[in-house]
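Q: Structure in structure tokens, see below.
Values quoted throughout were computed directly from the atomic coordinates according to the rules given, and no laboratory measurement underlies them. As the structure is a computational prediction, the values presented were derived from the model and not from experiment. We place every Cβ from the backbone using ideal geometry, glycine too, and count neighbours over all the protein chains shown.
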Amino acid sequence: WTPKRSSSLPLVVSLFWKGTRTMQACSFRATALSTLAPTRPVARAFTPVVAKAADTRKASTQARHKRLRKKLNGTAERPRLAVFKSNEHIYAQVIDDIAGHTLVAASSVMKDLKGTLESGANVVAAEAVGKKLAELCLAKNIDKVCFDRGGFQYHGRIQAVAEGARAGGLNF
């Protein structure tokens with residue numbers, strides 16, 4: 001068998017084996033050399049490794065949060081205390097998921113806390129946010145919450161918010 005040539009370009013014949021080890025069938029494929037990979041390399045967009053790592057980290061945090069949210073639901077009797085941390089601040093809010101309303105919110109951006117804190121992104125600030133949130137919750141007669149760490153590890157600032165809220169009088 002010889003492949004038909006449509007032009008005078010050289011052909012590349014590929015040999016493929018199909019089947020099991022004992023019974024195999026052979027097939028050929030003829031491809032013109034011009035349709036294969038270009039002779040010059042194609043310029044590819046450069047993606048820094050650091051950016052890829054950051055995207056992966058953010059995506060895994062979001063995936064963890066999705067898995068966590070399947071198990072956690074805030075009600076009017078026991079709302080959800082959701083925590084989010086950024087590089088500069090920390091945010092916490094108490095949410096009634098059935099009604100879809102935020103009942104109480106506190107963050108290191110609040111005027112009450114911003115003046116007293118040296119930085120909004122450390123454990124001291126996180127604990128202050130937790131205490132402030134507990135104070136606001138108790139003023140609205142909310143004393144029981146379920147803690148939503150937002151896909152973040154229960155460590156450092158996230159743990160400090162929880163401990164501050166507990167110290168302020170909230171029950172988890």
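Q: Please give me, ordered by residue number, the trypsin sites (Lys or Arg not before Pro) of region 102-169 that lie in loop per DSSP and have at most 15 other Cβ atoms within 10 Å.
A: In loop regions of region 102-169 (DSSP not H, G, I, E or B), the sparsely surrounded trypsin sites (Lys or Arg not before Pro) are Lys140.
Q: For Leu68 and Phe172, calculate 0.36 nm times their separation in residues minus their Cα-Cα distance, and state this gained length in nm to one decimal.
A: Computed gain between Leu68 and Phe172 is 35.8 nm.
Q: How charged is the neighbourhood of Leu113? Take every other residue with its Cβ under 10 Å from the Cβ of Leu113, and add Lys/Arg as +1 and Asp/Glu as -1.
A: In short, +3.
Q: Tell me which residues come under 5 Å, amide H to amide H, from Ser108 once H is placed; ignore anything under 5 positions away on its chain.
A: Sorted by chain and number, the residues that satisfy this are Ile90.
Q: Can you list residues whose amide H is under 5 Å from Phe147's amide H, if they're 5+ apart or on another chain and H is modeled 1.01 Å from N?
A: Under 5 Å from the amide H of Phe147 lie the amide H atoms of Leu81, each far enough along the sequence or on another chain.
Q: Let me ask something additional. Under a point spin-label approximation (7 Å from Cα along Cα-to-Cβ), what is the Ala105-Thr61 distance to one decimal in nm?
A: For the pair Ala105/Thr61, the computed spacing is 1.8 nm.
Q: Which entries in Lys85/Lys111; Lys85/Lys140; Lys71/Lys114 show an alpha-carbon gap greater than 27 Å?
A: Lys71/Lys114
Q: Give me the net charge of Glu135's neighbourhood, meaning all other residues with Cβ under 14 Å from the Cβ of Glu135; Lys, Arg count +1, Asp, Glu -1.
A: +1
Q: Shifting gears a bit: Reachable aspartates and glutamates from Lys132, Cα under 14 Å, same-chain residues fewer than 8 places away excluded?
A: Counting by Cα, and skipping residues close in sequence, Lys132 has these aspartates and glutamates nearby: Asp112, Asp143, Glu163.
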